[in-house]
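The values are calculated or read from the model by the stated rules, or taken from the named source; none is laboratory data. Predicted model, so just to flag it, every value in this text is computed and none were measured. Cβ atoms come from the backbone with ideal geometry, glycine included; neighbour counts cover every protein chain shown.
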């Protein structure tokens, strides 16, 4: 199997119509709230192979023969979560002889570049199966629909507004993440408590739904949301935002839609002489260690990076003509709590490693992930 990292040519804009999406859907909220409690199907202890629900998609008639070329249009390897996930993906490739070549194209966080990437891959004619992790939802929908006309497509991580892919691989989802964090905050604080909501960026379905679900629960619990600010995933900006709000008044809890800058937010409280409030972070090692060291009241909802393994497994099943969960392959989405925190802290792994990687059993672990 060859792994090919490529760059594509000039940017292209799509003139196809895009579809609006409701990021505050009560039915989807309720569904994901139920899925968080569901017992998944599949092998115990291997959540990247598990699935919630019983829908299956047959692939024997899709016309793909082994060995095949899998092309991956990636939104980016532009943050620690995606770096860990992409390592999971490249290590998983070693388990599948049916994948002869793997072509990865990095959109570097640009909608326009990812649209051009997909069009260039289609024009090249070398792909048998395409995996897409969209940069943003609406903008990438037309490009994914064009790809579906040419070959089987697997979407994962972030969604698109079309049902043309063979399956959409993802954990329970953004509503689930928002629910877990906000329910924890509400359980720890009294009505009227002051909550600061920190967000990464707009326009991505899993982030928009995290926010809408979190806000819904906090408002229903009578929390006072003092602000909702975009941090751009930047530590310095995050710290500055928190310090600014501390100058304005009290903060009883910090809810985050992604925890990459959680430690910077915590340090803003420490540097300003305030007690660390109730915190919603994520499964990054630096946050988990800080949580343990400071005996914080916290939770880490996760959007497990083991889903990057599942995307490759789904592509291999398409090549081999095997059935797979669909039209959505919904993976379990556990949270890290005080009760299981120690199970996920690993001092041998780098600070920006995501603990819910499902990678401990892989041949390259821990060195491939930067561990010792």
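Conditions tested, residue by residue: (1) in contact (Cβ under 8 Å) with a residue 40 or more places away in the chain; (2) surrounded by 13 or more Cβ atoms within 10 Å (Cβ to Cβ); (3) touching a strand residue (DSSP E or B) at 6+ places or on another chain (Cβ under 8 Å); (4) not in a loop (DSSP other than H, G, I, E, B).
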| position | (1), (2), (3), (4) |
| --- | --- |
| 45 | no, no, no, no |
| 48 | yes, yes, yes, yes |
| 54 | no, no, yes, no |
| 60 | yes, no, no, no |
| 65 | yes, no, no, no |
| 69 | yes, yes, yes, yes |
| 72 | yes, yes, yes, yes |
| 76 | yes, yes, yes, no |
| 81 | yes, yes, yes, yes |
- Message: Taking the condition of being within 17 Å of residue 307 (Cβ to Cβ) and out of contact with any strand residue (DSSP E or B) (no Cβ under 7 Å at 6 or more places or on another chain), how many residues in region 87-98 meet it?
- Response: 7
- Query: For region 225-241, how many residues are within 18 Å of residue 211 (Cα to Cα) and part of a helix (DSSP H, G or I)?
  - Reply: 2
- Message: Only one of 140, 196 is free of Cβ contacts under 8 Å to residues at least 40 places away in the same chain, under 23 Å from residue 230 (Cβ atoms) and either assigned by TED's automatic domain parsing to the domain that holds residue 217 or in contact with a helix residue (DSSP H, G or I) (Cβ under 9 Å, 6 or more places away or on another chain) (or both). Can you tell me which?
- Response: 140
